[in-house]
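Working notes for the structure below.
The values are calculated or read from the model by the stated rules, or taken from the named source; none is laboratory data. All of these numbers come straight from a predicted model, not from anything done at the bench. Every residue, glycine as well, gets a Cβ built from its backbone with ideal geometry; the counts of neighbours run over all protein chains shown. The accessibility values were calculated without ligands, DNA or RNA, using every heavy atom of the protein model including side chains. Shrake-Rupley method; radii C 1.70, N 1.55, O 1.52, S 1.80 Å.
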Amino acid sequence: MGNTIHPMHGSFVNADLVACVLRVLPNFECLASTILTSKAIYNIFQQHPCSVVRSVAYNLVGPALPQALRFVRCQNAQLYSKPVDELLGEDDIQKHPVLSSEDITSLVAISTSVQELESLFSWRMKDRRYKTSQLSFAESTRFQKAMYRLSLFSAVYGRNAYESTIEPDSDQLEEIDSALEEAKALRKGFFASFSTLELRDIQRIEMFLRGIIVRAEGVYFATISPTTYSPETSFALYCAPHRVIDVYKGGLYCITERDPDMMEEMFFNDFVIWPLTSVLVDRKEPPLLPVNQKQPIIDEIVGEHDRCSQCQSDTINGLDLWGPSNWSYLWGTPPLHSITQLLKGHVGANLADGVHFLTLLRETPAEELVGGLFDYNTPAYITWNKADWLCSQCLNKFIRDHLHIWYLGQKIKKGDVIPENCWYGYNCRTQTHRLAHAQKLNHWCEPTRGDAPPTNV
Ligand SMILES: [Zn+2]
Ligand SMILES: [Zn+2]
């Protein structure tokens, strides 16, 4: 190597080597702290600032850097409601290779969210045993490209576009109608610029994000079907798809500070699905992702053909099995209105304990709760183990048969004195309308009298 060696404070700094080291740093924090360690290193950085910064950006974001930079630059330039050919392209990184500090700040922010979403995607769609991404390089690249493209779509045609074109409290219906038609044509034009395979990747991501949003609405995840739609899912994607990671962590309402008005609903309904499927239909492609076929993005699913440890059902895909490593995906915070529906009889509406039961559920993470149920295995479940992989049907059955027993156990642990059992146990109707009765007897138990009124057992 023909580079110069500069003596510096008694040590030697090899300029080429230092430049190489700077280029492999994983992120901008490392870069900043490294170039501040010595004047010599800082000077070497100053000889190649653009290429070093670009390399670090690549290390941070990965091969989807062109898509990420396109998102960042279009968003920062506020290119709202522009036709796709007036947006910056994915080749903008070649046309304008110098990254500004604004580019870098925005890249760091979005790439963090996208990487976290990738880990979540991997956990749900590739390998249910690990919460960190197990995607191959090719799978990860497809995921990230599709994620940045979807984020760009929302940044340009989503809520910001609406706010910049529609006057607040506008009542000019004709104007609104034509704005909506125009918005739809622009959205369709955007998706038409991608190949069908790329659209399928975006479609897969859309479905995955929708699952997270529905989960955050308090629906018990094991009951969600892939065709579940709700206005909230469209609205979250219309605001910012990459922020669905915040929805996963903190619930649905952390995504936006302002609720939509009635009119805005017309603009976010089917925000992604309508234009995307319209393009597919124009191309004579099936509008929905084909069922029972290899799904986009993922080449290989780990444990795809695993069976439920108990029922061995051959209709359940390995990804829809639940065990200790993925129980925590089953419900989020605030959780699980629908878990209470799994309670037997009428005990969910018990006047004495109902509120405490809900509070306890809210405070107990899914992992702890499902794991805790196994501490109360009833004789019928003697062969069931914590480490089993269960399909949702078997898991629901197990939760249903143990949730009330678990709750009684929690009361005992808390030091409550448990009164005598009511003959009708959880089937007792009186517990739901007479507080004195609900307080006087225990209802978190099996009925011992068969003449209880008909129930939903
Ligand atoms: Zn099963
Ligand atoms: Zn009773």
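Remarks
- With the charge dipole of the chain set up from +1 on Lys and Arg Cβ and -1 on Asp and Glu Cβ about the Cα centre, the Cα lying farthest toward the positive end among the listed residues T132, W423, F191 is that of W423.
- Put simply, the amide H of N421, placed in the peptide plane, has neighbours under 5 Å in N442, leaving out anything fewer than 5 places away on its chain.
- Proximity of backbone amide H atoms, modeled 1.01 Å from N, is registered between W322 and L390, C391 at under 5 Å, excluding neighbours fewer than 5 places apart on the same chain.
- Relative frequency of Cα-Cα separations exceeding 41 Å in the chain, percent: 35 percent
- Amide H to amide H distances under 5 Å link S313 with C308, where only residues 5 or more positions off or on other chains count and H is placed in the peptide plane.
- At a probe radius of 1.4 angstrom, the accessible area of region 280-396 per residue rounds to 51 square angstrom.
- Cα gyration tensor, region 318-440 - rounded (a/c under 1.5), prolate or oblate: prolate
- The value of relative contact order for region 62-282, using C-alpha pairs under 8 Å at least six residues apart, is 23 percent.
- Counting only protein heavy atoms and a probe of 1.4 Å, the accessible surface of the chain is 55% carbon and sulfur.
- In percent, rounded to a whole number, the relative contact order of region 261-377 is 17, using alpha-carbon pairs under 8 Å and six or more apart.
- Helix content alone sets the calculated 222 nm mean residue ellipticity of the chain: runs of n ≥ 4 DSSP H residues at -39500 (n - 2.57) each, divided across all residues, give -15500 deg cm²/dmol.
- Between Y376 and M262, residue separation times 0.36 nm minus the direct Cα-Cα distance comes to 36.2 nm.
- Prolate/oblate/rounded call for region 156-215, Cα gyration tensor, a/c under 1.5 rounded: oblate
- Placing unit charges on the Cβ atoms of the charged side chains and taking the dipole of the chain about its Cα centre, the candidate lying farthest along the positive direction among C50, I245, C311 is C311.
- Dipole of the chain computed with +1 at Lys/Arg Cβ and -1 at Asp/Glu Cβ about the Cα centre; of Q75, V281, L17, farthest Cα towards the positive end is L17.
- Cα-based shape type of region 227-280, given that a ≥ b ≥ c are square roots of the gyration tensor eigenvalues and the cut on a/c is 1.5: oblate
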